[in-house]
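Here the structure comes first, spelled out in structure tokens, and everything after it is commentary.
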Amino acid sequence: MKPEILISIISLGIALVTVVSNSVISIISKRYDYKSSILQITLDSAYKEYEFRANSELQKAKEENREPHVLSSTEYLIFYSNIAKLLSKKKITETDIIETLKTNKETIDAYYKNKDSFRPEYHKKET
């Protein structure tokens with residue numbers, strides 16, 4: 001076999017390996033970027049809802065001349081992170097939604113059970 005042909009075959013093989021490895025790296029990178037963007041969207045959404053609801057509750061409490069009951073930002077983060085997990089599934093069923101909502105409630109309840117925090121609807125004062 002002529003050296004020129006051998007060099008061409010080796011070059012073609014190297015080019016093929018390079019294309020395949022770049023494709024694999026691109027796929028892995030896009031998957032990581034997707035997961036990273038989902039995490040960022042989850043954090044942003046949780047914070048924005050917490051901020052909106054906290055401000056709304058503070059304003060409403062001031063208008064009604066009462067103490068505000070602002071829920072922990074952790075509740076919103078737990079809720080949105082579980083929703084993000086649900087949305088990452090390829091096919092979502094009604095059962096998946098129900099299970100996610102149950103998981104949210106159980107997780108939030110466990111958080112408050114083990115935290116020295118105040119959640120108005122769970123800790124009403126007895127008169």
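Worth a mention:
- Comparing 86, 16, 71 in a Gaussian network model of the chain where C-alpha atoms under 10 Å apart are linked, the largest mean-square fluctuation is found at 16.
- Once the trypsin sites (Lys or Arg not before Pro) in DSSP loops with at most 14 neighbouring Cβ atoms within 10 Å are cut out of the chain, the longest remaining piece is 1-65.
- Report summary: the helix-based calculation at 222 nm, which adds -39500 (n - 2.57) for every DSSP H run with n ≥ 4 and divides by the residues of the chain, gives -27500 deg cm²/dmol.
- Share of carbon and sulfur in the accessible heavy-atom surface of the chain [1.4 Å probe, %]: 60
- Identified option (computed mean projected area of the Cα convex hull in nm²; candidates [x] 14.0; [y] 8.8; [z] 11.0): [x]
- Each Lys and Arg Cβ is given +1 and each Asp and Glu Cβ -1; about its Cα centre, the chain then shows a dipole of about 360 debye.
- FRET efficiency for the residue 96 to residue 25 pair, using the beta carbon distance and R₀ = 30 Å, is estimated at 0.40.
- Cut-off 14 Å between beta-carbons: net charge of the residues surrounding residue 46, Lys and Arg +1, Asp and Glu -1: -1
- Nearest 10 degrees, 0 to 90: helix 94-113 Cα axis against the chain principal axis: 60
- These residues, 79, 52, go from largest to smallest accessible area, 1.4 Å probe, as 52, 79.
The values are calculated or read from the model by the stated rules, or taken from the named source; none is laboratory data. Nothing here was measured: the structure is a model prediction, and the numbers come from that model. Ideal geometry is used to build each Cβ from the backbone, glycine not excepted, and the neighbour counts take in all protein chains shown. Heads up: the accessible areas ignore ligands, DNA and RNA and are worked out on the full protein's heavy atoms, side chains in. Shrake-Rupley method; radii C 1.70, N 1.55, O 1.52, S 1.80 Å.
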